[in-house]
Amino acid sequence: MSYFVTGGTGFIGRFLIERLAKHRGTIYVLVRKGSKQKYKNLLEQTGLNSDRLVAINGDLSKKNLGISRKDLDLLSGNIKHFYHLAAIYDLKADAASQEVSNIAGTQNAIAAAETMSAGCFHLASSIAVAGLYRGVFNEDMFEEAKGLSHPYFRTKHDSERLVRQQCSIPYQIYRPAMVVGDSKTGEMDKIDGPYYFFKLIQQIRSRIPQWIPLIGIEGGQMNIVPVDYVVDAMDYLSHKSGLNGRCFHLTNPSGQQVGQVLNIFAKAAHAPKFALRIDSRMLAFIPPGVLGIVKSLPPVKRIINAMLADYGIPKAAMGFINMPTRFDSRDTEKALKGSGISLPPLEDYAAKIWDYWERNLDPELFKDRSLRGNVKDKVIVITGASSGIGKAAAVKLADAGAQLVLVARSLDKLEETQKEIARRGGKSVAYSCDVSDMESCDKLVSTVLENHDHVDVLVNNAGRSIRRSLELTFDRFHDFERTMQLNYFGAIRLIMGLSPSMLARRQGHVINISSIAVIVGTSPRFSAYAASKSALDAFSRSAAAEFSDRNIAFTTINMPLVRTPMIGPTSIYSAVPTLSPDEAADMICEAIVQRPKRIATALGITMQVLNAIMPKATEIIMNTVFRTFPDSAAAKGEDEGGQKTEPSNEQVALAAVLKGIHV
């Protein structure tokens, strides 16, 4: 007994060939000339040799599958079962490609099977042939299909019609549901069907505790089966006598709604469940025309498209959230009786599917998250690069192959950074600029663009912090002026100067080093500093909204206390938990790689949430901090006399709790 298989190098095909190999006989598999490596992989995966698994060169789009006359003569009269699996199973594929593969390919496969005088033609069809039929679709139904406007539905329906109307040899048709990975191993080769929602579940898991109930959608029917059930059933049914001319639903007879499926995989992923699921029928009172107008509004379309892109969900998939069809499979169950083949519940193998996806198919695994991969040969400007955070970041980025543009007031101090970079084999240039001086900023922008053509990343790191209570500031208005001049006006002067070239290239990234004081919401003794950083934060949010569709990203890093020369005058900080410059530099590197809207510590976010829901409590906490930590001698205009102030046990304990918050 010999077999011929199209689509044998595909996912379902490979699993089916493993089952067919248990029977005696040769398995011939159609292989395109450019797919020889896939054939070699198939030999390795199945453990068969080239005598049992024979490659037949051909092409789905050609007459008789493009099989040579010599091979057709060899196969003629020798093929007991011809399995046609090759097709496009992809909602994202264009209509022309699907017509060639699904319709013309099936027509050519029928012709080839007839030329070979094959014993039986087995078509791997799909539940898509039912289209958007409302109700129960039986195995003997075909012409009753509705809503076939989508090319995938239409071409699968038309390909099955060809078999029913044109195939002159015996045939059997199999309609699998959405095929997922192996129920025993989870193995799968692509993202499709329910997998489209895995990234959403994963991101929810990373942001929300598992015990918090969520609101989701109920959705329509989602019929899911594992690949091992599909091929086991096809293998058994194709070898069982008396079934020719029949169609079999390889489906879940119960079916499940989208909301149920999402909850099953949420449980497998240890993510929160959608406790309250909204049925779309609740919106039936809204006229379809009104909904259509709302969906077509440009802002709504952009938001939807952005969300779908973030989660990797193709737009076409959203059209099938409310599938109305249930599939009857009683004939299949009757034919399989006594075989030991049964459909396992999704709940029993969902964890294996999730685990395999997360380990092998998660798109994040294939993104270059290395620092070198994201900064090599890119022009990166860092202000305040002569010491502290700026110097540490410059060294790390230069190590990764970036072209560093170092900026500070003193070229002498920048030379130290340059020497460190050069010693490690990196590249950098240095420019003197007083960021608090607008003319100096303009000169820097002009020089950088003239010498380097463009800037890929601007890191606004240069800044000034003043720790002084308001009562000591009533006659020091210049504290606010000079802090605002450097931290806000200087930073936006550089952004405004470099933005035109970034917009012209449709590429750019601005990273602003802000403060944890901004998101905590209340910052005693840091009113001037926090206000300047808050202003920069507000500007960046506005700019990000305007440049959102031009590929210009803005990232704000709400830094906690970092052990740099800037905090040196406050001796009490020697006992306060702080980040090292290297740790702060890692946050900048993370910002360049990930391009997030904001990077902040867990404590900073916690305080931000507390301030949002209990602002008075935050105020009391920070007032306690204010009273516990006094103004420094420098803030009072006094001389410490060369002696460091030793913190009290109360101060040390409170500082340990408020790790990194400016006190």
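The values are calculated or read from the model by the stated rules, or taken from the named source; none is laboratory data. None of these values were measured; they are calculated from a predicted model. As a convention, Cβ positions derive from the backbone with ideal geometry for all residues, glycine included, and neighbour counts pool all protein chains shown.
Could you tell me which residue of the stretch 228-256 is surrounded by the most Cβ atoms within 10 Å (Cβ to Cβ), considering only residues that are under 35 Å from the mean Cα position of the chain (by Cα) and over 22 Å from PHE137 (Cβ atoms)?
VAL231
When only residues in the stretch 513-532 that are at pLDDT 85 or above and either β-branched (Val, Ile, Thr) or over 29 Å from the mean Cα position of the chain (by Cα) (or both) count, which is farthest from ILE613 (Cα to Cα)?
First, the residues of the stretch 513-532 that are at pLDDT 85 or above: 513-514, 532.
Filter again for either β-branched (Val, Ile, Thr) or over 29 Å from the mean Cα position of the chain (by Cα) (or both), leaving 513, 532.
Working: ILE513: 26, SER532: 24 Å.
The residue in question is ILE513.
Of all strands (runs of 3 or more DSSP E) completely enclosed by the stretch 144-237, which ones contain at least 2 residues that are in contact with a Ser or Thr (Cβ under 6 Å, 6 or more places away or on another chain)?
171-176
Okay, residues lined up against (1) of a type in the set (Gly, Ala, Ser); (2) free of Cβ contacts under 8 Å to residues at least 40 places away in the same chain; (3) assigned by TED's automatic domain parsing to the domain that holds ARG550:
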position	(1), (2), (3)
SER432	yes, yes, yes
SER436	yes, no, yes
GLU439	no, yes, yes
THR447	no, yes, yes
HIS452	no, no, yes
VAL457	no, no, yes
GLY463	yes, no, yes
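Being surrounded by fewer than 21 Cβ atoms within 10 Å (Cβ to Cβ), at pLDDT 95 or above, more than 17 Å from the chain's Cα centre (by Cα) and aliphatic (A, V, I, L, M) narrows it down to one residue among LEU162, LEU214; which is it?
Details: LEU214 fails: at pLDDT 95 or above.
Just one listed residue meets the conditions, LEU162.
Run down GLY384, GLY401 and say which single residue is in contact with a helix residue (DSSP H, G or I) (Cβ under 6 Å, 6 or more places away or on another chain) and surrounded by fewer than 20 Cβ atoms within 10 Å (Cβ to Cβ).
Values: GLY384 fails: surrounded by fewer than 20 Cβ atoms within 10 Å (Cβ to Cβ).
Selected residue: GLY401, the only one of GLY384, GLY401 that is in contact with a helix residue (DSSP H, G or I) (Cβ under 6 Å, 6 or more places away or on another chain) and surrounded by fewer than 20 Cβ atoms within 10 Å (Cβ to Cβ).
Does VAL395 meet the test of being under 24 Å from VAL562 (Cα atoms), β-branched (Val, Ile, Thr) and surrounded by 16 or more Cβ atoms within 10 Å (Cβ to Cβ)?
On the way: under 24 Å from VAL562 (Cα atoms): yes; β-branched (Val, Ile, Thr): yes; surrounded by 16 or more Cβ atoms within 10 Å (Cβ to Cβ): yes.
In short, yes.
Considering only the stretch 379-449, give the strands (runs of 3 or more DSSP E) lying wholly within it that have at least 3 residues that are among the β-branched types (Val, Ile, Thr). Outline the logic, then answer.
On the way: elements: 379-383, 403-408, 427-432.
Answer list for the stretch 379-449: 379-383.
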